[in-house]
Amino acid sequence: MLDQVSLALDRGEALLLTGPNGAGKSTLLRVLAGLCPFQGGSFTFEGRKGGTPEQALDIAYLGHLDALKPGLTLRENLALEAGIGGGTCDDALEALDLLALADLPTRLLSAGQKRRGAFARVMLRQAPLWLLDEPSLGLDDNAIATLGTLMAAHRAAGGMIIATTHVVLPLPESRRFVLTPQEGSTWI
Ligand SMILES: Nc1ncnc2c1ncn2[C@@H]1O[C@H](COP(=O)(O)OP(=O)(O)OP(=O)(O)O)[C@@H](O)[C@H]1O
């Protein structure tokens, strides 16, 4: 499905992955996250080979699904990530305006609140490379602006972002990579 895709990202950079439905954007993110095997090619992060346990710590992945356990509270859902990444749950919850909802079962949260919870988990991983699959899905304007602030802070600290989207994202000075499998892929 993906052929002749070549990407390189420096510290502080962001890349918007665009293209029509079914072009392979999510698949590419999943390959980079080590969730999907690839037949050829390679991926390295600062010398570490993709798909290894060590390299997994370099990456925080946000998929289409929020992957929050509905029976656990938001705080409980985030505790594991905080344990891996070393961040503080309450700081991430506050950054996403979720502190007041932290002890509710996640099944009671709205779609946008769950999405913000999933983004809080990305932050807690404290990984240099964020892979975000349509991060603004279900978010209102305020939440999208918050997302922009948090992504800018991540980049200012030397972090990198690869995000897929069909809408405008608050990622200024990002590069764009258009996946068009039938005709090849293009940098613009
Ligand atoms: N395991 C699989 N087996 C067969 N086909 C698959 C598999 N995974 C994905 N595909 C197909 O690969 C193509 C790319 O899917 P992908 O989800 O990466 O597209 P996308 O660019 O993210 O699309 P969208 O904009 O709709 O989110 C689709 O046609 C999809 O059906």
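Side notes on the structure shown:
- Options 46, 13, 76, 54: the member that is out of contact with any His (no Cβ under 8 Å at 6 or more places or on another chain), surrounded by fewer than 18 Cβ atoms within 10 Å (Cβ to Cβ) and closer than 21 Å to residue 136 by Cα: 13
- Leading residue by the ranking (nearest to residue 72 (Cα to Cα)) among those in the stretch 105-125 that are surrounded by fewer than 18 Cβ atoms within 10 Å (Cβ to Cβ) and not charged (D, E, K, R): 105
- Residue check for residue 38: touching an Asp or Glu at 6+ places or on another chain (Cβ under 6 Å), surrounded by 12 or more Cβ atoms within 10 Å (Cβ to Cβ) and farther than 30 Å from residue 112 by Cβ: no
- Helices (runs of 4 or more DSSP H) completely within the stretch 1-86 that count 2 or more residues being of a type in the set (Lys, Arg) and modelled with pLDDT of 90 or more: 25-32
Each row is one residue, and each column tells you yes or no for (1) in contact with a strand residue (DSSP E or B) (Cβ under 9 Å, 6 or more places away or on another chain); (2) hydrophobic (A, V, I, L, M, F, W, C).
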| residue | (1), (2) |
| --- | --- |
| 15 | yes, yes |
| 25 | yes, no |
| 43 | yes, yes |
| 48 | no, no |
| 52 | no, no |
| 60 | yes, yes |
| 63 | yes, no |
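- Selection within the stretch 128-182 - within 16 Å of the ligand (Cβ to nearest atom), part of a strand (DSSP E or B) and more than 11 Å from the chain's Cα centre (by Cα): 176, 177, 178
The values are calculated or read from the model by the stated rules, or taken from the named source; none is laboratory data. Worth saying up front: this structure is predicted, and the values here are computed from it rather than measured. Every residue, glycine among them, receives a Cβ derived from its backbone with ideal geometry; neighbour counts consider all protein chains shown.
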